[in-house]
Amino acid sequence: MTSISEFMTSDHRRCDEFFNQAEEAVSQGKWDEAQQGWSEFQQAIEHHFSMEEQVLFPAFEQATGSTAGPTSVMRMEHDQMRQLFAQVGQALGAKDADTLLGASETLMILMQQHNMKEEQILYPMSMRALPDPDNTLNEMQQC
Amino acid sequence: MRTDGLNFDNIPPLSIPYGFFATAPLFGVLAGLVLLFQPQALTARWDPAALALVHLLTLGFAAQIMLGALCQVMPVVSSQPIPLSRTQALLVRGCISLGTVLLSLTFLFPGPILFSLTLAAFVIGFGLFISRLIQALIKIRPAGHTLVSIRLAAFCLLITLIAGVILLWWRSSPQTAPLAPILNTDQHALWGIQGWGLLLVVGVSFQVIPMFHVAPDFPARVQRWLPGALMLSLLLGTVLDGSAAIALMALSKLLVLGYCALASRHLRQRRRKLLDYTVRFWQLALGCIALSMVVNLATLGWPELPNRLPLAELSAILFGFGGLLAVIFGMLQKIVPFLLYLHLQRQCLTQPEKLLTLPNMKQLISTARSKRQWWLHCTALCGLLIALWLPLLTPLAALLLIADFVWLGWTLHQAFALYRQHLN
Ligand code: HEM
């Protein structure tokens, strides 16, 4: 059976894939495809965020007795990414490729360093801290 | 479980990494000036100007950038920031800068006074930084693959520094030197360039090539064994001598060649195919490092070759300028705008209306700017290579080198100016 780490890491990769498709379509001027790819990406990543914000983080906070630790930083970074979603969305509406690719590059790097912190630190730590990681994973998958 | 030792959000104040990045290009320009006025430095190996040139680039430029990048990267990969305050960082930067200038002067005017000053500056600068780095590193476990490389690289840096100090002692004040050079110049250079420099490049590439360019991950086995194997072959190659050492050296060159092929393949398989000059810099670097290994292997096989061809210089320029420096130039095109953006965003989190007007990374450093940097770097590289055979052209190569570093410094400065403008 997969672990929280494996499951969430592969979900990161799935989001990257959609992101990639949208970005590439923009760079080729295929706006319809870009729109499609972008909304798939948004859906995938918001789903990912809610698995974390609604299930994993609260469980982690309960297990460690702290809401001020790593999860608060992760929540803040989610908000930072949402800001960039808004910028990309705006540029997509305006078909402004330069602004979009600039914002998406920024988002990409922000997202990757966020994922790295989660994959290398937070997920492994959750698996050690949570009383029943498999159960938490189940709840996340039903999210 | 304790989480209070974790500093997830401990990104260092901007002035720490940015300070290192902003100082470094000045040393590149200084190196260019040395070459312009002492063109023989390119090929005369023991020429004081040549030694000054090497250290302006390795210590003044490359080491400062790498220290700055380490300050930034450690909290991301490990949640352990390097416990260095702003003032201490300034002290490190000041001492290493001063030490580099003093070292260059010591090469030109050997003597015990300059030597003592150089030594003091480096002991304070590197001593403080390395001790803080070790403090952070021992707190981390288990260590990820990047950290293994960083640890080994830090070890190589330490060996290089110690060996360098002893060599310099012998050069400038042989009567007082406490012990004979443990490592000769070749070994000092090897630990510095192929140990410290290459291990950092390898470790960074494992992390950033899959991450920034959506390429497949490097095989776990390679990530686990390659840095250690590189280091071990260096270590044994230094301790042993005779044909065993030669065989090990050859083996380490082959390992590096294999790494270059693998990393190039991963880059080719990247799924993010947008025009990206960081990718071009990586491709240039891997190509040049591979070529330099071929040159080294040729020298190991036919030791009399360098008498006829400037192979040592060729390999050094390819590896150092075409390889290590190209990686640094390429990474800066991404790290710096990201860093500035991150700090702007943090400061505007409470003012959402401002957030939408923040410059994005490509506005902080445009693709057009990175493109020019790439061309300048390639041109300067060609200039240096051609000058090996046509020494008359060395001043031209020096001017290209200066242009390359001036453009880098100017780009960093412009990005910072835009940052300041948005802060107000
Ligand atoms: C990252 C750090 C360093 C790197 C990468 C590095 C690299 C090199 C290289 C490549 C050479 C060979 C130059 C040639 O063959 O023409 C060299 C020579 C030398 N280095 Fe360094 N170096 C470093 C730090 C230092 C330091 C801190 C010192 C002294 C305080 C030092 C002192 C010397 C001396 C004295 C020589 C000439 C040796 C001789 O006279 O035989 N190096 N270094």
Original post:
In Å² (nearest 100), what accessible area is buried between B and A, both sides summed, heavy protein atoms only, 1.4 Å probe?
Top reply: 3600
**OP:** Please report, in debye to the nearest 20, how large the charge dipole of the protein assembly as shown is about its Cα centre when each Lys and Arg carries +1 at its beta carbon and each Asp and Glu carries -1 there.
**Re:** 1300
Subject >> Euclidean distance of C-alpha centroids, region B:41-62 and region B:264-336, integer Å >> reply: 19
Original post:
In peptide A:105-118, what is the residue-averaged number of other protein chain Cβ atoms found within 10 Å of each Cβ?
Top reply: 6
**OP:** Measure up B:Lys253/B:Lys362; B:Lys139/B:Lys362; A:Lys95/B:Lys354; A:Lys95/B:Lys362 against 26 Å on the Cα-Cα distance and list the ones that go over.
**Re:** B:Lys253/B:Lys362; B:Lys139/B:Lys362
Original post:
Using the eigenvalues of the Cα gyration tensor, what equivalent ellipsoid semi-axes result for region B:273-332 when each is taken as the square root of five times the eigenvalue, whole Å, largest first?
Top reply: 28, 10, 7
**OP:** Choose one answer from B:His188, B:His413, B:His266: the residue with the largest mean-square fluctuation in a GNM of chain B with alpha-carbon springs under 10 Å.
**Re:** B:His413
Original post:
Between region A:116-143 and region B:384-424, how many Å separate their Cα centres?
Top reply: 47
**OP:** Would you calculate the separation in nanometres between label points at A:Ala94 and A:Asn135, each defined as 7 Å from the Cα along the Cα-to-beta-carbon direction?
**Re:** 5.1
Original post:
For chain B, what is the calculated [θ] at 222 nm in deg cm²/dmol (nearest 500), taking -39500 (n - 2.57) for each run of four or more DSSP H residues and dividing by its residue count?
Top reply: -25000 deg cm²/dmol
**OP:** Would you mind checking the radius of gyration and Dmax of region B:349-421 based on alpha-carbon positions, in Å?
**Re:** 17.7, 60
Subject >> 1.4 Å probe, heavy atoms, protein only - residues of region B:185-213 losing at least 30 Å² accessible area vs chain alone >> reply: B:Gln207, B:Met211, B:Phe212
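Applying 1/(1 + (r/R0)^6) with R0 = 60 Å to the Cβ-Cβ distance of B:Thr357 and B:Gln175, what FRET efficiency is obtained, to the nearest 0.05?
Values: r = 65 Å, r/R0 = 1.09.
The computed FRET efficiency comes out at 0.40.
Please state, as a whole number in µm²/s, the translational diffusion coefficient that the Stokes-Einstein equation yields for chain A at 10 °C and 1.306 mPa s, with Rh defined as the Kirkwood radius across alpha carbon pairs. Spell out each step's value before the answer.
On the way: Rh = 15.8 Å.
Estimated diffusion coefficient is 100 µm²/s.
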**OP:** Express in % the proportion of alpha carbon pairs of region B:34-165 at distances exceeding 24 Å.
**Re:** 35
Subject >> For region B:115-187 versus region B:196-261, the gap between their alpha-carbon centres in whole angstrom >> reply: 21
Original post:
To the nearest 20 debye, what is the magnitude of the charge dipole of region B:296-424 about its Cα centre, counting +1 on the Cβ of each Lys and Arg and -1 on the Cβ of each Asp and Glu?
Top reply: 520
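Please report the net charge: other residues with Cβ closer than 12 Å to the Cβ of A:Gly102, K and R +1, D and E -1.
Working: positive: B:Lys362; negative: A:Glu23, A:Asp96, A:Asp98, A:Glu105.
With Lys, Arg at +1 and Asp, Glu at -1, the neighbours total -3.
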Original post:
In the protein assembly as shown, with Lys and Arg counted as +1 and Asp and Glu as -1 at Cβ, which of these residues, A:Met8, B:Leu102, A:Gln90, has the Cα nearest the positive end of the dipole, that is, farthest along it?
Top reply: B:Leu102
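Once you sort the root eigenvalues of the Cα gyration tensor of region B:311-353 as a ≥ b ≥ c, which label holds: rounded (a/c under 1.5), prolate (a/b larger than b/c) or oblate (the other case)?
Details: a/c = 10.42, a/b = 7.52, b/c = 1.39.
Prolate is the answer for region B:311-353, as a/c is 1.5 or above and a/b outweighs b/c.
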**OP:** On each of the three principal axes of the Cα atoms of the protein assembly as shown, give max minus min coordinate, whole Å, ordered largest first.
**Re:** 73, 49, 47
Original post:
Membrane-span-like helices in chain B: DSSP H runs reaching 24 Å or more (Cα, own axis), mean Kyte hydropathy at least 1.6?
Top reply: B:15-37, B:112-139, B:145-172
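Calculated from DSSP H runs of 4 or more alone, at -39500 (n - 2.57) each and per residue, what is the 222 nm mean residue ellipticity of chain A, nearest 500? Write out the running numbers ahead of the final one.
Details: 7 runs with 113 residues, N = 143.
Helices in chain A give a 222 nm mean residue ellipticity of -26000 deg cm²/dmol.
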Original post:
With springs only between Cα atoms under 10 Å, which of B:Pro25, B:Pro210, B:Pro227 fluctuates most in a Gaussian network model of chain B?
Top reply: B:Pro210
Subject >> Pair-distance profile P(r), taking every C-alpha pair of region B:296-424, with 5 angstrom steps and integer % >> reply: 2, 10, 16, 15, 13, 11, 9, 7, 6, 4, 3, 2, 1, 0
Subject >> Selected from B:Leu232, B:Leu384, B:Leu274 as most flexible by GNM, with chain B as the system and alpha-carbon contacts under 10 Å >> reply: B:Leu274
Original post:
Per q in 0.08, 0.12 1/Å, what log10 I(q)/I(0) does a Debye calculation on the alpha-carbon atoms of chain B return?
Top reply: -0.43, -1.03
**OP:** Calculate what fraction, in whole %, of the accessible area of region B:320-367 sits on carbon and sulfur atoms when a 1.4 Å probe is rolled over the protein chains.
**Re:** 62
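The values are calculated or read from the model by the stated rules, or taken from the named source; none is laboratory data. Just so you know, these numbers come straight off a predicted model, no measurement behind them. When we count neighbours, we look across all protein chains shown, and the Cβ atoms used for this are built from the backbone with ideal geometry, even at glycine. These accessible areas exclude ligands, DNA and RNA; they are computed on the full protein's heavy atoms, side chains included. Shrake-Rupley method; radii C 1.70, N 1.55, O 1.52, S 1.80 Å.
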